[in-house]
Amino acid sequence: MEDCLFCKIINGEIPSTKLYEDDMVYVFEDIAPEAPVHFLIVPKKHIKDADELEVEDQELLGHIFLVAQKLCKEKNLKTGYRIVNNCKEDGGQTVDHLHFHVLGGRSLQWPPG
Ligand code: AMP
Ligand code: ZN
C-alpha cells in the first residue's frame, strides 16, 4: 500500500525502533507511549482493520498473540500486560493498517473512556 504509514515503517522508508521481526510480523516501539512498555505488533500483510480479517488470517492472529507473549516474557512483565486492537473510528483507530498495542509496566485502568 503506497500511502500507508505502517507499510512504510515495515519496508524501512520511515524509521522505527524495531523490537522483533519475522516473515509475518514487524514489531516496534510506539512513538507516543502510554505506558513504560508500549509497542505495536503489525502484520506485514496490509490488512486495513480487524473488520477486514478473513479465515485465511487465523494463523497470523494466533502468531501475533504468541509474539506478544514472547516479548512480554523477555521484558519480564510477570504481573501482566494488555493487548489492544482499536477498530475503525469509534474504536479509536488512527492508522489504517491492522495493529495490536501491547502495554505494560504499570497497573492499567479499566474501562477505557
Ligand atoms: P491507533 O490509534 O490504535 O490506530 O494506534 C496508532 C498508534 O501508532 C498510536 O499509538 C501512535 O502513537 C502510533 N504511531 C503513529 N505514528 C508512529 C510512528 N511513526 N512510529 C511509531 N508509532 C507511531
Ligand atoms: Zn499498510
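The values are calculated or read from the model by the stated rules, or taken from the named source; none is laboratory data. The structure displayed is predicted, hence computed values, not measured ones. Positions of Cβ are generated from backbone atoms using ideal geometry, with glycine treated the same way; all protein chains shown enter the neighbour counts.
Being away from ligand 1 (no atom under 15 Å from the Cβ) and either within 27 Å of D3 (Cα to Cα) or within 13 Å of the chain's Cα centre (by Cα) (or both) narrows it down to one of L77, L53, L19, so name that one.
Values: L77 fails: either within 27 Å of D3 (Cα to Cα) or within 13 Å of the chain's Cα centre (by Cα) (or both); L19 fails: away from ligand 1 (no atom under 15 Å from the Cβ).
None of the other options fit; the residue is L53.
Looking at region 57-78 only, could you name the residues that are more than 17 Å from D23 (Cβ to Cβ) and either within 16 Å of ligand 2 (Cβ to nearest atom) or free of Cβ contacts under 8 Å to residues at least 12 places away in the same chain (or both)?
Of everything in region 57-78, those that are more than 17 Å from D23 (Cβ to Cβ) and either within 16 Å of ligand 2 (Cβ to nearest atom) or free of Cβ contacts under 8 Å to residues at least 12 places away in the same chain (or both) turn out to be Q69, K73, E74, N76, K78.
Being within 16 Å of ligand 2 (Cβ to nearest atom) and either on the phi > 0 side of the Ramachandran plot or surrounded by 18 or more Cβ atoms within 10 Å (Cβ to Cβ) (or both) narrows it down to one residue among Y81, Y26; which is it? Explain how you work it out, then say what you get.
Working: Y81 fails: within 16 Å of ligand 2 (Cβ to nearest atom).
Residue meeting the stated conditions: Y26.
Are any residues in region 33-50 in contact with a Lys or Arg (Cβ under 8 Å, 6 or more places away or on another chain) and closer than 20 Å to L5 by Cβ, and if so, which ones?
Just the residues of region 33-50 that are in contact with a Lys or Arg (Cβ under 8 Å, 6 or more places away or on another chain), to begin with: 35-37, 49.
D49 - this is the single residue of region 33-50 that is in contact with a Lys or Arg (Cβ under 8 Å, 6 or more places away or on another chain) and closer than 20 Å to L5 by Cβ.
Here's a check for you: in region 3-14, which residue that is over 17 Å from L98 (Cβ atoms) and either more than 8 Å from ligand 1 (Cβ to nearest atom) or buried (at least 20 other Cβ atoms within 10 Å of the Cβ) (or both) is nearest to the chain's Cα centre (by Cα)?
From region 3-14, those over 17 Å from L98 (Cβ atoms) are 12-14; that's our starting set.
Next, only the ones that are either more than 8 Å from ligand 1 (Cβ to nearest atom) or buried (at least 20 other Cβ atoms within 10 Å of the Cβ) (or both) stay: 12-13.
On the way: G12: 17, E13: 19 Å.
Restricting to residues being over 17 Å from L98 (Cβ atoms) and either more than 8 Å from ligand 1 (Cβ to nearest atom) or buried (at least 20 other Cβ atoms within 10 Å of the Cβ) (or both), the top hit is G12.
Identify all residues within region 3-23 that are within 14 Å of ligand 2 (Cβ to nearest atom), of a type outside the set (V, I, T) and farther than 19 Å from Q93 by Cα; write none if there are none. Full working, then the answer.
Taking region 3-23 as the starting set, the residues that turn out to be within 14 Å of ligand 2 (Cβ to nearest atom) are 3-14, 16.
Still in the list and also of a type outside the set (V, I, T): 3-8, 11-13, 16.
Within region 3-23, N11, G12, E13, S16 qualify.
Any residue in region 28-49 that is farther than 27 Å from T79 by Cα sitting within a Cβ distance under 7 Å of a residue that is modelled with pLDDT of 95 or more and loosely packed, with under 14 Cβ neighbours inside 10 Å? List the pairs, counting only those 6 or more apart or interchain.
Going by the 7 Å Cβ cut-off, the qualifying pairs are D49/K88.
Just to be sure before I move on: is L108 over 17 Å from C4 (Cα atoms) and either loosely packed, with under 14 Cβ neighbours inside 10 Å or in contact (Cβ under 8 Å) with a residue 12 or more places away in the chain (or both) in the structure I sent? Show your work before the answer.
Values: over 17 Å from C4 (Cα atoms): yes; either loosely packed, with under 14 Cβ neighbours inside 10 Å or in contact (Cβ under 8 Å) with a residue 12 or more places away in the chain (or both): yes.
The answer is yes for L108.
Restricting to region 31-56, count the residues that are in contact with a strand residue (DSSP E or B) (Cβ under 8 Å, 6 or more places away or on another chain) and charged (D, E, K, R).
Matching residues across region 31-56 total 2.
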